[in-house]
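Since the structure comes first, as structure tokens, the remarks are kept for the end.
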Amino acid sequence: MAKSNVGKKPISEEEYTTNKVLTVFSICLLGVLVLMVLQRLLNYGSTVMAGFLMIKILLGIGIVGALWGIWLLARELSGKRSGARRLICGHNVLIVSIVIILSMSVINYLGIQPIKVLYVVLPVLAVYYLVYHSYAPEFFLIAVDSGVALGLMWVVHRALASSNFGSLAYVALGAMAVLTVIQLICVWSLHGKKGKFKFRGETVDSQFSRNAYTMLTVTPLLMTVLVAVTLFVPACMLVALGVGAAYLFITAVYYTVKLM
């Protein structure tokens with residue numbers, strides 16, 4: 001039987017993006033399942049040692065993965081290996097490994113409390129990855145601003161309820177203010193350059209829409225005000241959270257309609 005001379009059809013950019021998003025969701029789901037098993041082991045005295053052994057194994061996997069990711073990235077940067085349209089490439093392996101290392105290190109140091117936070121963080125990371133690839137660039141930044149602000153509002157609330165970490169509330173407000181200033185400087189710098197900037201000697205177009213600069217100015221300012229309200233008027237914390245969540249929901253609907 002004659003062999004076919006037809007080569008394998010290269011994967012399209014759209015298929016590659018879909019595969020990446022599905023892979024990220026799968027990894028995050030697997031991460032949540034692993035965390036559930038780990039929490040169960042750490043909750044009982046008879047299995048707590050097995051839980052800590054599992055943490056060490058996962059930490060070791062993360063370290064080995066990070067070294068492998070660095071090696072792959074070095075080969076790709078030197079031109080010995082192409083990372084184009086590959087799920088297993090240097091920066092992908094490195095990012096996953098760093099997340100594993102940070103997660104296991106925090107759990108090993110603080111116990112099971114960070115696991116409850118990671119139950120939220122991992123799905124949120126997957127959703128942000130989907131937003132990054134599917135929505136307009138400015139909505140991704142709007143979602144980041146809103147997500148960071150909602151997280152900092154929760155930090156402020158928890159800090160005010162604690163007698164030992166009250167100063168952390170002011171640090172949270174300061175972090176939001178710094179993020180706002182940095183974003184405003186970058187946004188209006190891009191506005192003066194019509195959304196284009198230089199990266200590694202190449203001109204990159206941010207592909208912002210016409211109203212992006214207004215949205216990216218209003219959003220961080222609003223979120224900073226909401227974090228400040230949570231700090232200085234604790235009784236209005238739920239109102240501030242509601243306003244922040246409603247703003248994110250309305251903008252999500254707006255940009256979703258624009259995709260249609």
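The values are calculated or read from the model by the stated rules, or taken from the named source; none is laboratory data. Everything numeric in this text was worked out from a predicted model, so none of it was measured. When we count neighbours, we look across all protein chains shown, and the Cβ atoms used for this are built from the backbone with ideal geometry, even at glycine. Calculation scope for accessible area: heavy atoms of the full protein, side chains included, ligands and nucleic acids excluded. Shrake-Rupley method; radii C 1.70, N 1.55, O 1.52, S 1.80 Å.
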Given springs between every Cα pair under 10 Å in a Gaussian network model of the chain, which of Gly69, Gly79, Gly174 has the largest fluctuation?
-> Gly79
Of all the accessible heavy-atom surface of the chain, with the other protein chains kept in place and a 1.4 Å probe, what percent is carbon and sulfur?
-> 71 percent
For region 87-98, in residue order, the Karplus 3J(HN,Hα) values (coefficients 6.51, -1.76, 1.60; θ = phi - 60°; whole Hz; Gly and Pro = x) are 5, 8, 10, x, 6, 5, 4, 5, 5, 4, 5, 5
Local net charge near Gly90, Cβ-Cβ under 9 Å (Lys/Arg +1, Asp/Glu -1) = +1
Report the relative contact order of region 1-155, percent, no decimals, based on alpha-carbon pairs under 8 angstrom and at least 6 residues apart.
-> 26 percent
Counting only protein heavy atoms and rolling a 1.4 Å probe, one gets per residue an accessible area for region 2-100 in Å² of 69 Å²
Within the chain, longest stretch free of exposed trypsin sites (Lys or Arg not before Pro) [DSSP loop, at most 13 other beta carbons within 10 Å] = 81-192
Answer label for P(r) over Cα pairs in 10 Å bins from 0, in percent (calculated), chosen among (i) 7, 26, 28, 24, 14, 2, 0; (ii) 6, 24, 25, 19, 14, 9, 3, 0; (iii) 6, 20, 28, 28, 13, 3, 1, 0 | (iii)
Alpha carbon centroid spacing (whole Å) that separates region 115-133 from region 205-260 = 19 Å
Measure up Lys20/Lys258; Lys196/Lys258; Lys80/Lys196; Lys116/Lys258; Lys56/Lys80 against 25 Å on the Cα-Cα distance and list the ones that go over.
-> Lys80/Lys196; Lys116/Lys258; Lys56/Lys80
Relative contact order [Cα under 8 Å, 6+ residues apart], the chain, whole percent = 17 percent
Per q in 0.10, 0.17, 0.19 1/Å, what log10 I(q)/I(0) does a Debye calculation on the alpha-carbon atoms of region 1-155 return?
-> -0.49, -1.13, -1.27
Among Pro137, Pro123, Pro234, which one moves the most in a GNM of the chain with springs linking Cα atoms closer than 10 Å?
-> Pro234
Compute the Cα gyration tensor for region 21-74, then decide on rounded, prolate or oblate, letting a ≥ b ≥ c be the square roots of its eigenvalues: rounded whenever a/c is under 1.5, prolate when a/b is larger than b/c in the other cases, and oblate in all that remain.
-> oblate
Rounded to whole Hz, the Karplus (6.51, -1.76, 1.60) HN-Hα couplings of region 133-149, x for glycine and proline | 8, 10, 10, 4, x, 5, 5, 4, 5, 4, 5, 5, 4, 5, x, 4, 5
